[in-house]
Amino acid sequence: MRLCLASLIVASSAFAAPATQYNEPLAPSPRPALEARIEALVAEVAGHERREVPRPDARLARAAEDLVRHTAPDGRPPNEQVQAALWLNGIIEPPPHLILANTSPGPDGEQAVLTELRAQLPRALSQGRYRRVGAATQRYGEQVLVLVALQESGIELSPLPRSLPNGGPTSLVGEVRAPFQRPEAFVTGPDGQVTRLALEGDATHFRGTFRCGPARGRYQLELAAEDRFGASVLANFPIYCGVPAPSALPPVTTAVRAEDKLADGPSAEAAMVRLVNQDRAHTGLPALEVDARLTQIARGHSADMQAHGFVGHVSPTTGSAADRFRRAGVDAVLIAENVARAYSPGEAELGLMESPGHRANILNRDVTRVGVGAIITDGIGGARELLVTQVFCKPPERIDAGSAVTLRHEIEALRHAHHLGALGADPALDLVAQSTAEGIARGSLRAERAGEPIERALGKLADRYQSMRSVVATSSGVAQVVSGVEKSLLDQTVTTVGVGVAAGRRPDGSPAVFAVLVLATRR
């Protein structure tokens, strides 16, 4: 999945009237003269650049006002403060693109900042499909800080509450806007576990139900959909179950952490690997091994995103993550990828962990290796930005003589769990099972014809067995074989099993484990 992060430093602040619902319409209020001129300028430049014209949004403007009121003239609020300001004002979309500028009070200062914005806006507007704009200003002595928020919005969602009683349900009803399709939903619970939320509907419309509980606390909901760049987060917001929703921004430390520094790309990559493994350790998961080949894949994709002006998983030049692995000659049975744009490694990792879909990739129990590629770019207004790709994978399982023994133990465990006796072993059945598995893995024998050598074997062993049949399983590893053929292995008439395991490739070229089981019944 992909996540575009923008960031703005904010002290703890109470909000006079935080929203009680997300997506609750807010009536426009009279705008100060400079803010109105800025929003009109955005519309003018967007029209000149032949882009969708962002419409002034009262909720976004109020979030911008809350932020700029507590932002130091030379500061940039951290992403968690920006996101909190959006949620407090009932906005579900990910953080907006923020432009910060300083000027002096008075007409000359206003004209100077409008001139500066006119020069910056074409580039800013080229970085997204912005549908909303909100502007705010704040005077600090002889300076005026100007903040412009440009927000993408690829989703329409009916209003829903920020908090619910535990056990209470709320409906998710909406649609995704073109070019997005195939919406899906994820939830991170108070325990940090990520689950998928069932949705009904068609390619663009969806309906589902979120129900609070069983634990009280914060549940993070995410709605995503796909465009030509792959899956993208369209909404990411918390619902508080059995506890009140916050009514103020959280406090933020002004200390500069090592992971907040942007020295160079390799330093940022090392910081993100460290943060990934810290997040995994906090949930009891083992650290991931850094793979130099994955690092090169990730660096190449980050450079590609920079060169072609997108943040996504499907590149117009290199295709999908699986395509990039295949081109690099790296085999994997499981691939996951996160991409982000932020102002520091710490901000990027925090934003990814706040997103249920990205969090699930970082905390995937099955992946064992990681590669991070980071590119530092010059953002709008001279700020340095980070484009980062995290690549995770599980390499193919090594298949050797012990693999058949492991599979036999898995079979025994399954039958024991169902109170069935262990199946006997027969070297003759193992031999035919192994040769059949190797033939399928080499491509010299089609899986649907695996029964032919079994029938020939039965002819030679007819004095020992009254019946024999084969089961063929294709999986990513030995541990997955048994679950796919469970019904056959629980047949009470079977007395003996021959086991064969070989490594090969599926028709699409991806690595796989081919297992053949010969199930026989003694006379």
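The values are calculated or read from the model by the stated rules, or taken from the named source; none is laboratory data. Note that the structure is a prediction, hence the values are computed from the model and not measured. Heads up, the Cβs are rebuilt from the backbone with ideal geometry, glycines too, and the neighbour counts pull from every protein chain shown. Ligands, DNA and RNA are stripped out before the accessible areas are found, and what is left, the full protein with its side chains, is counted by its heavy atoms. Shrake-Rupley method; radii C 1.70, N 1.55, O 1.52, S 1.80 Å.
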Here, Arg211 and Ala303, labelled 7 Å along Cα→Cβ, have an inter-label distance in nm of 5.2 nm
Sorted on mean Cβ neighbours within 10 Å (highest first), peptides 370-378, 280-288, 336-344, 464-472 come out as 336-344, 370-378, 464-472, 280-288
Of all DSSP beta bridges with both partners in the chain, the antiparallel percent, nearest 5, is 90 percent
Quick shape check on the range 148-275: root eigenvalues a ≥ b ≥ c of the Cα gyration tensor, a/c under 1.5 is rounded, otherwise prolate if a/b tops b/c, else oblate, and it reads oblate
For 43-49, 79-85, 387-393, 500-506, ranked highest to lowest by mean beta-carbon neighbours within 10 Å, the order is 387-393, 79-85, 500-506, 43-49
Taking a ≥ b ≥ c as the square roots of the Cα gyration tensor eigenvalues, with a/c under 1.5 meaning rounded and otherwise prolate when a/b beats b/c or oblate if not, the range 404-523 comes out oblate
Hydrodynamic radius by Kirkwood for the range 477-523, inverse mean 1/r across distinct Cα pairs, in Å, is 12.1 Å
Checking rank on 26-32, 185-191, with mean other Cβ inside 10 Å and highest first, the result is 185-191, 26-32
In nm, the gap between the two label points placed 7 Å beyond Cα toward Cβ at Arg446 and Ala72 is 7.1 nm
For Asp202 and Ala248, extending 7 Å from Cα along the Cα-Cβ vector and measuring point to point gives, in nm, a value of 4.9 nm
With the 1.4 Å probe rolled over protein heavy atoms, the range 79-201 has an accessible area per residue in Å² of 39 Å²
Subtracting the Cα-Cα distance of Ser29 and Thr493 from 0.36 nm times their residue separation yields 159.3 nm
For the chain, the accessible surface attributable to carbon and sulfur atoms (probe 1.4 angstrom, ligands and nucleic acids excluded) amounts in percent to 52 percent
Treating only Lys and Arg (+1) and Asp and Glu (-1) as charged, each at its beta carbon, one finds that the chain has a dipole about its Cα centre, in Debye to the nearest 20, of 980 debye
Dipole check, the range 105-221, charges on Cβ (K,R +1; D,E -1), about Cα centroid: among Leu150, Thr188, Leu121 the Cα furthest to the positive pole belongs to Thr188
